[in-house]
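The values are calculated or read from the model by the stated rules, or taken from the named source; none is laboratory data. Treat the numbers as computed from the prediction; the structure is a model and nothing was measured. What goes into the accessible areas is simple: the full protein's heavy atoms, side chains included, and nothing from ligands, DNA or RNA. Shrake-Rupley method; radii C 1.70, N 1.55, O 1.52, S 1.80 Å.
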Amino acid sequence: MKKLLFSFMLGMTFLTSSVLSQNATQNTAQTTPDLSATDFQKKLAMDNTAIVLDVRTPQEYAKGHLPNATTINFFDTDFKEKVNKLDKTKPVYVYCAVGGRSAKATKILQESGFKKVYNLLGGFNGWSAAGLPSVK
């Protein structure tokens with residue numbers, strides 16, 4: 001009975017270890033750096049090749065946006081085709097209003113082959129609340 005229990009426990013340990021290792025690998029491969037507004041600004045300021053991508057609607061963009069932002073509406077039916085026209089060798093800094101659309105957009109960008117994609121936590125609202133500069 002002790003040998004059976006020991007064998008069972010040993011098997012469960014290996015199984016659990018294998019599953020955790022596999023999940024960690026999958027999570028690492030699909031992880032997008034989520035940056036606070038200040039970290040987003042600092043990293044962006046050090047990267048003169050970056051693409052700043054605003055995925056909000058044209059109406060939201062017109063009310064204010066980050067300097068030098070390119071706008072591609074996440075809700076456009078051809079969103080994927082439009083982002084695929086961007087240079088995949090450049091880092092892309094993505095934001096929306098509060099962070100939901102940009103999180104989804106970053107996954108699409110990664111699946112499309114973009115290697116460096118950064119998501120603005122809190123979106124444009126978080127950026128504005130931090131008192132960071134914007135353009136109207």
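In a fully extended conformation the segment linking K90 and T49 would gain 14.1 nm over its present Cα-Cα distance, using 0.36 nm per residue.
How would you classify the range 40-136 from its alpha-carbon gyration tensor, with a ≥ b ≥ c the square roots of the eigenvalues: rounded for a/c under 1.5, else prolate if a/b is greater than b/c, otherwise oblate? Oblate, since a/c reaches 1.5 and b/c is not below a/b. Coupling constants for the range 48-54 follow from the phi torsions by the Karplus curve (6.51 cos²θ - 1.76 cosθ + 1.60, θ = phi - 60°), and in residue order they are 7, 9, 5, 9, 9, 10, 9 Hz; glycine and proline get x.
Close amide-amide hydrogen proximity is noted between V94 and L53, Y118, N119, L120, each under 5 Å apart and 5 or more residues distant or on a separate chain (H modeled in the peptide plane; Pro and chain starts excluded).
Residue-wise HN-Hα couplings along the range 123-135, as the Karplus relation 6.51 cos²θ - 1.76 cosθ + 1.60 with θ = phi - 60° gives them from phi, are x, 4, 5, x, 4, 5, 4, 7, x, 7, x, 9, 10 Hz; Gly and Pro carry x. With a 1.4 Å probe rolled over the protein heavy atoms of all chains, the accessible area of T71, T106, T77, T89 falls in the order T77, T89, T71, T106, largest first.
Taking 19 Å as the limit for the C-alpha separation, the pairs K63/K85; K90/K115; K42/K116; K42/K88; K42/K80; K63/K88 exceed it in the case of K63/K85; K42/K88; K42/K80; K63/K88.
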